[in-house]
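The values are calculated or read from the model by the stated rules, or taken from the named source; none is laboratory data. A quick note: this is a predicted structure, and the numbers were derived from the prediction, not measured. Neighbour counts run over all protein chains shown; Cβ positions are idealised from the backbone, glycine included.
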Amino acid sequence: MSAVGAFVVIGAGPGVGAAAARRFGREGHPVGLVARNAERLEQIAADGPSAATETADVTDAKALTAAIARLRERLGPIEAVLFSPRPSLEWIKPVLETEPSDVENALALSVVAAATVVRAVVPDMVRRGRGTLLFTTGGAAVEPHRDRAVSGVAYAAESAYVRMLHDALADQGVHAAQVTIVGAIGPGAHHEPDAVAGELWRRHTDRDQPLVVLR
């Protein structure tokens, strides 16, 4: 088998994104990170493993597509992608206080940006006959709450998109899977980032489930 391809985190943060980068890096994958905040990217890369970084607003389709293309040039073929941007807390309101613009922003981040990533990486994955698309969502994907309306709407839409990707790509060597995390994430919290990263690694290697819910 040829050498492993790159692992790219879209919406990389210091929690799950950084932990996943470390896990895939330890397994020999070149690592790329994309986020809007350059200082945060530098900190994640400094904490290891060595990673190539690109700054981009993930809701800017042209900028995101260009960032992925640059990482492909630097790292080689992309074998796995983690899509894991975090929504702005400003959008998360009770359902009756939620503005149309809040819903629009949340869908742009969780669904439209996801589609941008898929369009940028899937053609090469299909040509190579191998690849993994990983997505994380919060618990609102399975337990929507009236006080956190846009999370329930956007994550439900993202979940449907991931399931359709799984069904469309499974027979072409590309695995799409979603890990939904119910509860707090962080060091000492209910879900440790390293444990979530381990589950993401299993979705990449086992390729047997399109959806896993961590409670």
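Residue by residue through region 24-38, note down the ones that are assigned to a loop (DSSP other than H, G, I, E, B) and either of a type outside the set (S, T, N, Q) or surrounded by 18 or more Cβ atoms within 10 Å (Cβ to Cβ) (or both). Scanning region 24-38 gives E27, G28, H29, P30, R36. Just one of the listed residues (V174, V182, V212) is closer than 21 Å to A80 by Cβ, of a type in the set (A, V, I, L, M, F, W, C), modelled with pLDDT of 95 or more and in contact with a Gly (Cβ under 8 Å, 6 or more places away or on another chain), and it is V174. In the set (1) in contact with an Asp or Glu (Cβ under 9 Å, 6 or more places away or on another chain); (2) without any contact (Cβ under 8 Å) to a residue 12 or more places away in the chain, the condition left unmet by G131 is number (2). Scanning region 129-160 for residues that are buried (at least 16 other Cβ atoms within 10 Å of the Cβ), of a type in the set (G, A, S), within 17 Å of T180 (Cα to Cα) and out of contact with any Pro (no Cβ under 8 Å at 6 or more places or on another chain) yields a count of 6. Sub-7 Å Cβ pairs linking a first residue in region 134-145 that is within 16 Å of P94 (Cβ to Cβ) to a second residue that is of a type outside the set (V, I, T) and crowded, with 20+ Cβ neighbours inside 10 Å, at least 6 apart or interchain, are A140/R148; A140/S151; A140/G152; A140/Y155; P144/G152; H145/G152, ordered by first then second residue. Cβ-Cβ below 6 Å, separation at least six or inter-chain, first residue in region 1-29 and within 21 Å of D124 (Cα to Cα), second of a type in the set (K, R) and not in a loop (DSSP other than H, G, I, E, B): which pairs? So the pair list comes out empty.
Scanning region 183-205 for residues that are under 12 Å from R23 (Cα atoms), out of contact with any Asp or Glu (no Cβ under 9 Å at 6 or more places or on another chain) and either acidic (D, E) or crowded, with 19+ Cβ neighbours inside 10 Å (or both) gives P193, D194, V196, A197, E199, L200. Restricting G131, G139, G152, G76 to residues that are out of contact with any helix residue (DSSP H, G or I) (no Cβ under 7 Å at 6 or more places or on another chain), within 26 Å of V212 (Cβ to Cβ) and not aliphatic (A, V, I, L, M) narrows the list to G139.
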